Amino acid sequence: MVTFIYGIICYLIFFVTFLYAVGFTGNFIVPKDINGGVVGSFFQSLTVNIALLSLFALQHSVMARPGFKRWWTKYIPKAAERSTYVLLSSVVLIILFWQWRPMLGIVWHIENAMVRSAVFGLCAVGWLITLSSSCMIDHFELFGLKQIFFHLKNKNVRAHGFKKPALYRVVRHPIMLGFFIAFWAAPTMTVGHLIFAIGTTLYIVIGVWFEERDLVCHFGKDYSEYQKEVSMLLPFPKKNIK
Ligand SMILES: C[S@@+](CC[C@H](N)C(=O)[O-])C[C@H]1O[C@@H](n2cnc3c(N)ncnc32)[C@H](O)[C@@H]1O
(Lines give C-alpha, C1' and ligand atoms only; values in the text may rest on other atoms or scores of the structure.)
Protein backbone atom coordinates (compact mmCIF):
# COMPACT_ATOMS: atom_id res chain seq x y z
CA MET A 1 0.00 0.00 0.00
CA VAL A 2 2.90 2.36 0.81
CA THR A 3 4.39 1.85 -2.68
CA PHE A 4 0.96 2.46 -4.22
CA ILE A 5 0.42 5.77 -2.40
CA TYR A 6 4.01 6.78 -3.16
CA GLY A 7 3.45 6.08 -6.87
CA ILE A 8 0.20 8.06 -6.94
CA ILE A 9 1.93 11.05 -5.29
CA CYS A 10 4.82 10.82 -7.80
CA TYR A 11 2.33 10.78 -10.69
CA LEU A 12 0.40 13.79 -9.34
CA ILE A 13 3.66 15.74 -8.90
CA PHE A 14 4.62 14.80 -12.46
CA PHE A 15 1.25 15.89 -13.86
CA VAL A 16 1.33 19.31 -12.16
CA THR A 17 4.95 19.74 -13.34
CA PHE A 18 3.90 18.83 -16.90
CA LEU A 19 1.09 21.43 -16.81
CA TYR A 20 3.52 23.99 -15.39
CA ALA A 21 5.94 23.22 -18.25
CA VAL A 22 3.19 24.08 -20.77
CA GLY A 23 2.66 27.49 -19.11
CA PHE A 24 6.40 28.02 -18.51
CA THR A 25 7.38 27.65 -22.16
CA GLY A 26 4.14 29.15 -23.53
CA ASN A 27 4.32 32.24 -21.26
CA PHE A 28 0.87 32.01 -19.74
CA ILE A 29 -0.89 31.53 -16.37
CA VAL A 30 2.13 30.31 -14.34
CA PRO A 31 3.70 32.73 -11.80
CA LYS A 32 7.16 32.46 -13.38
CA ASP A 33 7.52 31.66 -17.07
CA ILE A 34 10.60 31.35 -19.29
CA ASN A 35 10.81 35.17 -19.56
CA GLY A 36 10.00 35.83 -15.89
CA GLY A 37 12.29 36.63 -12.94
CA VAL A 38 15.14 39.05 -12.34
CA VAL A 39 17.30 39.83 -15.37
CA GLY A 40 21.03 39.28 -14.71
CA SER A 41 24.17 39.65 -16.81
CA PHE A 42 24.16 37.79 -20.15
CA PHE A 43 27.01 35.39 -19.35
CA GLN A 44 25.82 34.60 -15.84
CA SER A 45 22.32 33.84 -17.16
CA LEU A 46 23.71 31.77 -20.02
CA THR A 47 25.90 29.72 -17.67
CA VAL A 48 23.07 29.07 -15.19
CA ASN A 49 20.61 28.12 -17.96
CA ILE A 50 23.05 25.74 -19.67
CA ALA A 51 23.85 24.15 -16.28
CA LEU A 52 20.11 23.63 -15.63
CA LEU A 53 19.55 22.06 -19.06
CA SER A 54 22.61 19.82 -18.58
CA LEU A 55 21.36 18.69 -15.18
CA PHE A 56 18.03 17.66 -16.73
CA ALA A 57 19.72 15.88 -19.66
CA LEU A 58 22.09 14.03 -17.33
CA GLN A 59 19.41 12.90 -14.88
CA HIS A 60 17.03 11.90 -17.64
CA SER A 61 19.54 9.99 -19.75
CA VAL A 62 21.52 8.20 -17.05
CA MET A 63 18.45 7.07 -15.10
CA ALA A 64 16.72 5.77 -18.25
CA ARG A 65 19.52 3.35 -19.15
CA PRO A 66 18.85 -0.37 -18.47
CA GLY A 67 22.22 -0.78 -16.65
CA PHE A 68 21.35 2.01 -14.21
CA LYS A 69 17.88 0.53 -13.63
CA ARG A 70 19.41 -2.88 -12.82
CA TRP A 71 21.82 -1.22 -10.35
CA TRP A 72 19.40 0.95 -8.43
CA THR A 73 16.61 -1.63 -8.16
CA LYS A 74 19.00 -3.39 -5.76
CA TYR A 75 18.25 -0.49 -3.40
CA ILE A 76 14.66 0.57 -4.21
CA PRO A 77 11.64 -1.71 -4.81
CA LYS A 78 11.27 -2.66 -8.47
CA ALA A 79 7.61 -1.60 -8.44
CA ALA A 80 8.60 1.92 -7.39
CA GLU A 81 11.46 2.29 -9.90
CA ARG A 82 9.51 4.11 -12.61
CA SER A 83 7.67 6.32 -10.10
CA THR A 84 11.00 7.36 -8.56
CA TYR A 85 12.39 8.17 -12.01
CA VAL A 86 9.28 10.26 -12.74
CA LEU A 87 9.57 11.99 -9.35
CA LEU A 88 13.25 12.87 -9.80
CA SER A 89 12.60 14.11 -13.36
CA SER A 90 9.88 16.39 -11.94
CA VAL A 91 12.19 17.65 -9.17
CA VAL A 92 14.90 18.53 -11.71
CA LEU A 93 12.31 20.33 -13.85
CA ILE A 94 10.97 22.26 -10.84
CA ILE A 95 14.57 23.39 -10.08
CA LEU A 96 14.88 24.46 -13.73
CA PHE A 97 11.61 26.47 -13.65
CA TRP A 98 12.63 28.06 -10.34
CA GLN A 99 16.22 28.94 -11.22
CA TRP A 100 15.84 29.73 -14.94
CA ARG A 101 17.26 33.17 -15.77
CA PRO A 102 15.30 35.33 -18.21
CA MET A 103 17.19 36.54 -21.28
CA LEU A 104 14.88 39.00 -22.92
CA GLY A 105 16.59 39.92 -26.21
CA ILE A 106 14.10 39.38 -29.05
CA VAL A 107 15.08 36.82 -31.69
CA TRP A 108 11.76 37.04 -33.51
CA HIS A 109 8.39 38.58 -32.77
CA ILE A 110 5.32 37.94 -34.91
CA GLU A 111 3.11 41.05 -35.06
CA ASN A 112 0.17 39.72 -37.06
CA ALA A 113 -2.52 38.54 -34.63
CA MET A 114 -3.73 35.71 -36.89
CA VAL A 115 -0.23 34.34 -37.46
CA ARG A 116 0.48 34.64 -33.72
CA SER A 117 -2.64 32.58 -32.95
CA ALA A 118 -1.66 30.00 -35.58
CA VAL A 119 1.83 29.60 -34.07
CA PHE A 120 0.30 29.38 -30.61
CA GLY A 121 -2.08 26.71 -31.94
CA LEU A 122 0.87 24.79 -33.38
CA CYS A 123 2.51 24.88 -29.94
CA ALA A 124 -0.69 23.40 -28.44
CA VAL A 125 -0.66 20.69 -31.14
CA GLY A 126 2.90 19.83 -30.08
CA TRP A 127 1.84 19.27 -26.47
CA LEU A 128 -1.15 17.21 -27.62
CA ILE A 129 1.09 15.04 -29.79
CA THR A 130 3.34 14.38 -26.79
CA LEU A 131 0.49 13.53 -24.43
CA SER A 132 -1.45 11.40 -26.93
CA SER A 133 1.71 9.51 -28.02
CA SER A 134 2.41 8.56 -24.42
CA CYS A 135 -1.08 7.00 -24.38
CA MET A 136 -0.32 5.12 -27.64
CA ILE A 137 2.69 3.41 -26.01
CA ASP A 138 1.20 3.02 -22.53
CA HIS A 139 0.80 6.22 -20.51
CA PHE A 140 0.18 4.43 -17.22
CA GLU A 141 3.24 2.22 -17.58
CA LEU A 142 5.50 5.09 -18.71
CA PHE A 143 4.60 7.02 -15.57
CA GLY A 144 4.78 4.10 -13.16
CA LEU A 145 1.06 3.73 -12.31
CA LYS A 146 0.67 0.29 -13.87
CA GLN A 147 3.65 -1.05 -11.92
CA ILE A 148 2.33 0.15 -8.53
CA PHE A 149 -1.21 -1.05 -9.29
CA PHE A 150 -0.03 -4.56 -10.24
CA HIS A 151 2.21 -4.58 -7.16
CA LEU A 152 -0.83 -3.77 -5.00
CA LYS A 153 -2.69 -6.71 -6.60
CA ASN A 154 0.36 -8.97 -6.08
CA LYS A 155 0.70 -9.47 -9.82
CA ASN A 156 3.74 -9.17 -12.05
CA VAL A 157 3.49 -6.42 -14.62
CA ARG A 158 4.32 -7.59 -18.13
CA ALA A 159 6.31 -4.92 -19.96
CA HIS A 160 4.68 -3.85 -23.23
CA GLY A 161 6.03 -5.37 -26.45
CA PHE A 162 7.11 -3.57 -29.62
CA LYS A 163 4.36 -1.33 -31.02
CA LYS A 164 3.82 0.93 -33.99
CA PRO A 165 0.41 2.49 -33.37
CA ALA A 166 -0.93 5.65 -35.08
CA LEU A 167 1.73 8.39 -34.75
CA TYR A 168 4.46 5.75 -34.32
CA ARG A 169 3.86 4.99 -38.00
CA VAL A 170 4.73 8.58 -38.89
CA VAL A 171 7.91 8.95 -36.80
CA ARG A 172 9.67 6.62 -34.39
CA HIS A 173 9.68 9.23 -31.59
CA PRO A 174 6.40 11.20 -31.63
CA ILE A 175 6.67 12.13 -27.94
CA MET A 176 9.95 13.91 -28.72
CA LEU A 177 8.55 15.39 -31.94
CA GLY A 178 5.72 16.90 -29.85
CA PHE A 179 8.24 18.53 -27.49
CA PHE A 180 10.23 19.79 -30.44
CA ILE A 181 7.14 21.50 -31.94
CA ALA A 182 5.98 22.87 -28.57
CA PHE A 183 9.38 24.43 -27.79
CA TRP A 184 10.01 26.01 -31.21
CA ALA A 185 6.48 27.23 -32.04
CA ALA A 186 6.74 30.55 -30.21
CA PRO A 187 5.05 33.73 -31.48
CA THR A 188 7.76 35.69 -29.64
CA MET A 189 11.16 34.04 -29.36
CA THR A 190 13.45 35.53 -26.74
CA VAL A 191 17.13 34.64 -26.36
CA GLY A 192 16.33 32.64 -23.21
CA HIS A 193 13.58 30.69 -24.97
CA LEU A 194 15.91 30.06 -27.93
CA ILE A 195 18.59 28.63 -25.61
CA PHE A 196 15.94 26.40 -24.05
CA ALA A 197 14.76 25.25 -27.51
CA ILE A 198 18.31 24.58 -28.76
CA GLY A 199 19.31 22.78 -25.55
CA THR A 200 16.25 20.54 -25.52
CA THR A 201 16.59 19.81 -29.26
CA LEU A 202 20.21 18.70 -28.75
CA TYR A 203 19.12 16.56 -25.83
CA ILE A 204 16.31 15.00 -27.89
CA VAL A 205 18.61 14.15 -30.81
CA ILE A 206 21.33 12.65 -28.58
CA GLY A 207 18.76 11.03 -26.25
CA VAL A 208 16.89 9.19 -29.02
CA TRP A 209 20.19 7.91 -30.41
CA PHE A 210 20.94 6.24 -27.06
CA GLU A 211 17.31 5.17 -26.63
CA GLU A 212 17.36 3.44 -30.02
CA ARG A 213 20.48 1.44 -29.10
CA ASP A 214 18.54 0.09 -26.11
CA LEU A 215 15.40 -0.45 -28.19
CA VAL A 216 17.29 -2.50 -30.80
CA CYS A 217 18.78 -4.63 -27.98
CA HIS A 218 15.36 -4.99 -26.36
CA PHE A 219 13.06 -5.52 -29.38
CA GLY A 220 15.67 -6.98 -31.77
CA LYS A 221 14.76 -7.43 -35.45
CA ASP A 222 11.31 -5.83 -35.06
CA TYR A 223 12.94 -2.53 -34.16
CA SER A 224 15.73 -2.64 -36.75
CA GLU A 225 13.11 -3.33 -39.47
CA TYR A 226 11.07 -0.44 -38.08
CA GLN A 227 14.11 1.87 -38.36
CA LYS A 228 14.23 1.10 -42.08
CA GLU A 229 10.52 1.83 -42.54
CA VAL A 230 9.82 4.93 -40.45
CA SER A 231 11.75 8.21 -39.98
CA MET A 232 13.31 8.95 -36.63
CA LEU A 233 12.00 12.42 -35.75
CA LEU A 234 10.89 14.36 -38.81
CA PRO A 235 7.78 13.07 -40.57
CA PHE A 236 9.30 12.32 -43.97
CA PRO A 237 8.00 9.11 -45.52
CA LYS A 238 10.56 6.33 -46.05
CA LYS A 239 8.58 3.53 -47.61
CA ASN A 240 5.20 1.90 -47.14
CA ILE A 241 4.82 0.55 -43.63
CA LYS A 242 3.68 -3.06 -43.32
C1 LIG B 1 9.59 8.23 -22.70
S2 LIG B 1 9.12 7.00 -23.82
C3 LIG B 1 9.71 7.75 -25.30
C4 LIG B 1 9.29 7.01 -26.51
C5 LIG B 1 9.81 7.62 -27.81
N6 LIG B 1 11.19 8.05 -27.70
C7 LIG B 1 8.96 8.78 -28.28
O8 LIG B 1 9.48 9.89 -28.38
O9 LIG B 1 7.79 8.56 -28.60
C10 LIG B 1 10.27 5.70 -23.55
C11 LIG B 1 9.62 4.35 -23.54
O12 LIG B 1 9.02 4.11 -24.78
C13 LIG B 1 9.24 2.76 -25.16
N14 LIG B 1 9.17 2.70 -26.63
C15 LIG B 1 9.70 3.55 -27.52
N16 LIG B 1 9.36 3.21 -28.79
C17 LIG B 1 8.60 2.08 -28.68
C18 LIG B 1 7.91 1.23 -29.61
N19 LIG B 1 7.95 1.46 -30.94
N20 LIG B 1 7.21 0.19 -29.14
C21 LIG B 1 7.13 -0.05 -27.82
N22 LIG B 1 7.74 0.70 -26.88
C23 LIG B 1 8.46 1.76 -27.30
C24 LIG B 1 10.60 2.42 -24.59
O25 LIG B 1 10.73 1.05 -24.36
C26 LIG B 1 10.57 3.21 -23.29
O27 LIG B 1 10.00 2.43 -22.27
note = Given (1) under 30 Å from R101 (Cα atoms); (2) touching a Pro at 6+ places or on another chain (Cβ under 7 Å); (3) within 13 Å of the ligand (Cβ to nearest atom), Y203 misses just (2)
ask   = Which residue pairs have Cβ atoms closer than 7 Å, lie 6 or more positions apart in sequence or on different chains, and pair a first residue in the stretch 141-159 that is under 16 Å from Y6 (Cβ atoms) and within 16 Å of the ligand (Cβ to nearest atom) with a second residue that is part of a helix (DSSP H, G or I) and open to solvent by 100 Å² or more (accessible area, probe 1.4 Å)?
value = K146/F140
remark   = Looking across the stretch 175-198 at residues that are open to solvent by less than 10 Å² (accessible area, probe 1.4 Å) and free of Cβ contacts under 8 Å to residues at least 60 places away in the same chain, the single one that is nearest to D33 (Cα to Cα) is A197
note = Flagged in the stretch 160-186 as part of a loop (DSSP other than H, G, I, E, B) and more than 8 Å from the ligand (Cβ to nearest atom), in numbering order, are P165, V170, A185, A186
query = Filter the stretch 59-92 for residues that are under 17 Å from the mean Cα position of the chain (by Cα) and over 21 Å from G7 (Cβ atoms); which is modelled with the highest pLDDT?
reply = V62
message = Taking the criterion of being over 15 Å from the mean Cα position of the chain (by Cα) and acidic (D, E), would at least one residue in the stretch 192-211 satisfy it?
response = no
task = Given the conditions (1) assigned to a loop (DSSP other than H, G, I, E, B); (2) without any contact (Cβ under 8 Å) to a residue 60 or more places away in the chain; (3) closer than 28 Å to G144 by Cα; (4) of a type in the set (F, W, Y), report the number of the one that F236 does not fulfil.
result = (3)
key: helices (runs of 4 or more DSSP H) contained in the stretch 4-105 and holding at least 3 residues within 20 Å of T190 (Cα to Cα) and touching a residue at least 24 places away in the same chain (Cβ under 8 Å)   = 42-64, 81-99
key: Unique residue being surrounded by 15 or more Cβ atoms within 10 Å (Cβ to Cβ) and over 22 Å from the mean Cα position of the chain (by Cα) when the list is F4, F56   = F4
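The values are calculated or read from the model by the stated rules, or taken from the named source; none is laboratory data. Only a predicted model underlies this, so the values are computations on that prediction, with no experimental measurement involved. Please note: Cβ atoms are built from the backbone with ideal geometry, for glycine as well, and neighbour counts cover all protein chains shown. These accessible areas exclude ligands, DNA and RNA; they are computed on the full protein's heavy atoms, side chains included. Shrake-Rupley method; radii C 1.70, N 1.55, O 1.52, S 1.80 Å.
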